[in-house]
């Protein structure tokens, strides 16, 4: 097996990569106390865990006679040892003991995701939301190692981000599965995109409530506006053609980056 075979094992899930990095950046910087060494250690551990999860999922799907299975197993062992080598210093030297329950919860979520994967249900709404919850835990973990503890602000930031990421499930389904309806009349677009509209509207109302009750900063709801605008724009605006997967991915990434930057700006 060559290096190109290793590269093939890297997941091409652009949405998952987006949530992975946005969660890390948002959690680390919204804590307002960036710590380079713990950040680097947890980043390597998290990246290894993310890649390990994808490798195990592939390993379970491969047939016994498949030559790739042995190679996938070896790479998985490397990821596993990287997790141990980077997580132990965070526990032993920095005493970030709350990483243990966070990691256990992430492991539980990963087990559930394997169930969905083995039963070919990984593209269902419950499976996607479960995966988003697992990746969103990275925000809480990086917030913790940056601030040194988990407070009410950190918990609600995690909830806030999780609800934001979940909106992409409904919006992407509308843009991809109903792509031919994007150029149809308004009522057809409204019928196809109603779940995206309802979710984003509901989330925006929830974000205002969280701000009013001081669970999140008073202006945190502003970070939701790009996603809210996106959901309404693609229902109200009639397009001349369907959007490609790359275009949909670019839109989702842009909105996620805007969400993170606005939140970090507000928290600072």
Q: State log₁₀ I(q)/I(0) for the stretch 13-149 at q = 0.16 Å⁻¹ as given by the Debye formula over alpha-carbon point scatterers of equal weight, solvent excluded.
A: -0.84
Q: Would you please give the FRET efficiency between residue 191 and residue 253, computed as 1/(1 + (r/R0)^6) with r the Cβ-Cβ distance and R0 = 41 Å, to the nearest 0.05?
A: 0.90
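Could you work out the relative contact order of the stretch 151-268, using alpha carbon pairs under 8 angstrom and six or more residues apart, expressed as a whole percent? Kindly include the intermediate steps, with their values, before the conclusion.
Numbers: 103 pairs, mean separation 39.1, N = 118.
With pairs under 8 Å counted, the relative contact order is 33 percent.
When the Kirkwood hydrodynamic radius is evaluated over all pairs of different C-alpha atoms of the stretch 123-205, what value in angstrom, to one decimal, is obtained? Walk me through the numbers before you get to the answer.
Details: mean 1/r = 0.0696 Å⁻¹.
For the stretch 123-205, inverting the mean 1/r across all distinct Cα pairs yields 14.4 Å.
For residue 81 and residue 236, FRET efficiency with R0 = 45 Å and r from the beta-carbon atoms, rounded to 0.05?
Working: r = 52 Å, r/R0 = 1.15.
Between residue 236 and residue 81 the formula returns 0.30.
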Q. How much length, in nm to one decimal, is gained on full extension between residue 246 and residue 111, taken as 0.36 nm per residue of separation minus their Cα-Cα distance?
A. 45.6 nm
Q. Which distance in Å, rounded to a whole number, links the C-alpha centroids of the stretch 142-186 and the stretch 45-83?
A. 28
(Q) I'd like the per residue volume of the convex hull spanned by the Cα atoms of the stretch 97-248, given in cubic angstrom. (A) 120
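Sorted by average packing, counted as other Cβ atoms within 10 angstrom per residue and highest first, what order do 44-50, 196-202 take? Please list the in-between numbers first.
Values: 44-50: 20.4, 196-202: 17.4.
Averaged packing, sorted descending, gives the order 44-50, 196-202.
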Q) What spacing in nm lies between the two simple spin-label points modelled at residue 94 and residue 60, each 7 Å away from Cα in the Cβ direction? A) 2.9
Q) Using the per-residue mean of other Cβ atoms lying within 10 Å as a proxy for protection, in what order, highest first, do the peptides 203-214, 158-169 fall? A) 158-169, 203-214
Q. Which residues in the stretch 241-261 place their backbone N less than 13 Å from a point set 7 Å from the Cα of residue 268 along the Cα-to-Cβ direction?
A. 260-261
**Q.** FRET efficiency, 1/(1 + (r/R0)^6) with R0 30 Å, evaluated for residue 129 and residue 150 via beta carbons
**A.** 0.85
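Could you state, as a whole-number percent, how many of the C-alpha pairs of the chain are farther apart than 22 Å? Mind dumping the intermediate values first?
Numbers: 21436 of 35778 pairs.
Beyond 22 Å sits 60 percent of the P(r) for the chain.
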Q) Measuring from label point to label point, each 7 Å out along Cα→Cβ, what is the residue 205 to residue 39 span in nm? A) 3.8
(Q) Run the helix sum for the chain: -39,500 (n - 2.57) per DSSP H stretch of 4+ residues, divided by residue count, reported at 222 nm to the nearest 500 deg cm²/dmol. (A) -26500 deg cm²/dmol
Q: Report the relative contact order of the chain, percent, no decimals, based on alpha-carbon pairs under 8 angstrom and at least 6 residues apart.
A: 24
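Taken together, the values in this text are just the output of simple stated rules run on the coordinates, not laboratory data. For clarity, every value in this text was computed on a predicted model and none was experimentally measured. Cβ: placed from backbone, ideal geometry, glycine included. Neighbour counts: every protein chain shown.
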